[in-house]
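S.K.: Quick one: the structure is below, and I'll ask about it shortly.
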Amino acid sequence: MPVPRPLPLSAALATVFAAAIALPAHGQSLIELYDSARGYDATYQGARAQYDASLARAAQAKAGILPSVGLTANASATHQDLSTDSLSATRGFPNQSAGINATQPLYRPANWAVYEQSKRQVDIAQATLTIAEQDLVVRVSQAYFDVLSAQDSLALVRAQKIAVAEQLASAKRNFEVGTSTITDSREAQARYDLVVAQEITAENDLQVRKIALDQLVGRPGANPTPLAAPVVLPTVPADMNTWVQQAEDVHPAITQAKLGLEVAKLEVDKAQAGHKPTLDAQLGYNATNNPQGTSTSTSTGRVNVRAASIGVVFNLPLFAGFATENRVKETLALEEQQRQILESTRRSVSQATRTAYLGLISGAGQVKALEAAEASSQSALDANRLGYQVGVRINIDVLNSQSQLFQTKRDLAVARYNVLVGNLKLRQANGTLTADDLTNVNDTLATNGRASVDSAASPNQPSAATQSPVPVPANPVFVVPPVTTPPFNPQPPTMPVPPPPPVIVVPPSR
């Protein structure tokens, strides 16, 4: 009786893919979701608000070198009682005054130091916003490919579930016809139950990652577009030292630290200005009206005074209780602190850039190794199936080969996504990442009419990331050779020869 053959793995995947094709879905590109995140993400919006506040704060410092103009007005009444030995009188003196006065700093070194600091503060605010933008690019990309990875994992688990179910059915049929033991059925049932548990975990993981992406981009039901087939990953840069040197020149964190050191030096200048004089120009015009005279005159008639003034004010500090000297010492120490912060930032950026570079190189190598492992795992599965059909392999060997192949496919998909995100993280590490870098990653997606695997992608179907450019031979149709069974002609048994009777020896008589 012929042995029932299990459903090939390619047929199991085709079954899942067919179900996915029937579910049309419109996916969003990476750039589209990034644009949504720019207008919705609370962290980025908070960074923009902080940037605007920093610009306004820096503009305030310019007031120290610009003229100040003030308008004053006053109305009052004075009641005066006069009493002598021969005279007693009461007088009231209403008074109205108004004036406009302007002051222009001519020499205030502390104010100029503050003004120069404000220019650096604007650049620091710009660097801070750049860091926030780079962080948003990486967060959106990571969440985007996390969803695709979770979809691939769920689709592969479901495909594995179909394959294991067919293997379980085959084991039961073989047991019924007496060509296998109950052990095969129980092993297949145990593997099926395990895959069901993995499917539940994969479904939950997909929902969690979708929620995270929706919250980031502010678009419920975001549906990332999968990778286009065949998968073409960005090339890996060849020189690590070039990336490190570039980070020294353009990284926003290093720029912040350099500007912080300049601000600290200007703070020293501002503290030292406490020993220096100040010089201001003043210009004013004031009018006073006394309808009933003044208390300093004997006339009770109207007195009007119009006065214009112009002049300079010189101020030289002589002694402030050693406050200025100690302030200078404080700012010098803070300057040294900023110098050490700059050095620490340079070391951290250099280390992060090297780490990101090596991680990207390792990830690219891992992709190539997993592509080869996928082809080998497919061949091993085919060989184990053939061996199971001819009786030289057992059911658990086929199940293990299936698990190994699906695990390799999942690892390959994750490795490819890690390479795509790793390119962005490398540019973030050396400070050159911009939103334009998303274009290269977006070009790997199935956009502009390009097709992914089977022109569909859903939780029921792996994306192009699970497909290897390494040619994997399709499952051949194996022809099981007939097994020649020799005729059963046993030889008749040979009966054993009974041993000779024992010889009884009679002892001699005495």
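The values are calculated or read from the model by the stated rules, or taken from the named source; none is laboratory data. None of these values were measured; they are calculated from a predicted model. Please note: Cβ atoms are built from the backbone with ideal geometry, for glycine as well, and neighbour counts cover all protein chains shown. Heads up: the accessible areas ignore ligands, DNA and RNA and are worked out on the full protein's heavy atoms, side chains in. Shrake-Rupley method; radii C 1.70, N 1.55, O 1.52, S 1.80 Å.
S.K.: Where residues in the stretch 62-115 are under 30 Å from residue 283 (Cα atoms) and among the hydroxyl-bearing types (Ser, Thr, Tyr), which of them is farthest from the chain's Cα centre (by Cα)?
M.R.: Step one: list which residues in the stretch 62-115 are under 30 Å from residue 283 (Cα atoms), which gives 62-78, 93-115.
Then drop every residue that is not among the hydroxyl-bearing types (Ser, Thr, Tyr), which leaves 68, 72, 76, 78, 97, 103, 107, 115.
Details: 68: 47, 72: 56, 76: 66, 78: 72, 97: 64, 103: 52, 107: 49, 115: 36 Å.
Of everything passing the filter in the stretch 62-115, 78 is farthest from the chain's Cα centre (by Cα).
S.K.: Assess whether residue 102 counts as being closer than 27 Å to residue 264 by Cα, in contact (Cβ under 8 Å) with a residue 24 or more places away in the chain and among the small types (Gly, Ala, Ser).
M.R.: No; evaluated as a whole, the condition is false for this residue.
S.K.: As an exercise: evaluate residue 428 against (1) modelled with pLDDT under 90; (2) part of a helix (DSSP H, G or I) and give the number of the one condition it does not meet.
M.R.: Unmet for residue 428, out of (1) modelled with pLDDT under 90; (2) part of a helix (DSSP H, G or I): (1).
S.K.: Against the condition assigned to a helix (DSSP H, G or I), basic (Lys, Arg) and in contact with a helix residue (DSSP H, G or I) (Cβ under 8 Å, 6 or more places away or on another chain), how does residue 393 come out, does it pass?
M.R.: Spelling it out, it is not the case that residue 393 is assigned to a helix (DSSP H, G or I), basic (Lys, Arg) and in contact with a helix residue (DSSP H, G or I) (Cβ under 8 Å, 6 or more places away or on another chain).
S.K.: Can you name the residue in the stretch 160-209 that is surrounded by 14 or more Cβ atoms within 10 Å (Cβ to Cβ) and of a type in the set (Ser, Thr, Tyr) and is also farthest from the chain's Cα centre (by Cα) among such residues?
M.R.: For the stretch 160-209, the residue satisfying everything is 179.
S.K.: Follow-up. Could you tell me whether the stretch 110-121 includes any residue that is over 29 Å from residue 306 (Cα atoms), part of a strand (DSSP E or B) and among the hydrophobic types (A, V, I, L, M, F, W, C)?
M.R.: No.
S.K.: Of 59, 77, which residue is over 19 Å from residue 260 (Cβ atoms), open to solvent by 80 Å² or more (accessible area, probe 1.4 Å) and among the aliphatic types (A, V, I, L, M)?
M.R.: Just a single option satisfies the conditions, and that option is 77.
S.K.: So if I check each of 203, 199, which one is over 20 Å from residue 421 (Cβ atoms) and in contact (Cβ under 8 Å) with a residue 60 or more places away in the chain?
M.R.: Answer to the check: 203.
S.K.: Next question. Which one is farthest from residue 414 (Cα to Cα) among residues in the stretch 210-245 that are open to solvent by 80 Å² or more (accessible area, probe 1.4 Å) and polar (S, T, N, Q)?
M.R.: 245
S.K.: Within the stretch 24-38, take every residue that is open to solvent by 60 Å² or more (accessible area, probe 1.4 Å) and at pLDDT 90 or above and give me the one that is nearest to residue 146 (Cα to Cα).
M.R.: Within the stretch 24-38, the match that is nearest to residue 146 (Cα to Cα) is 32.
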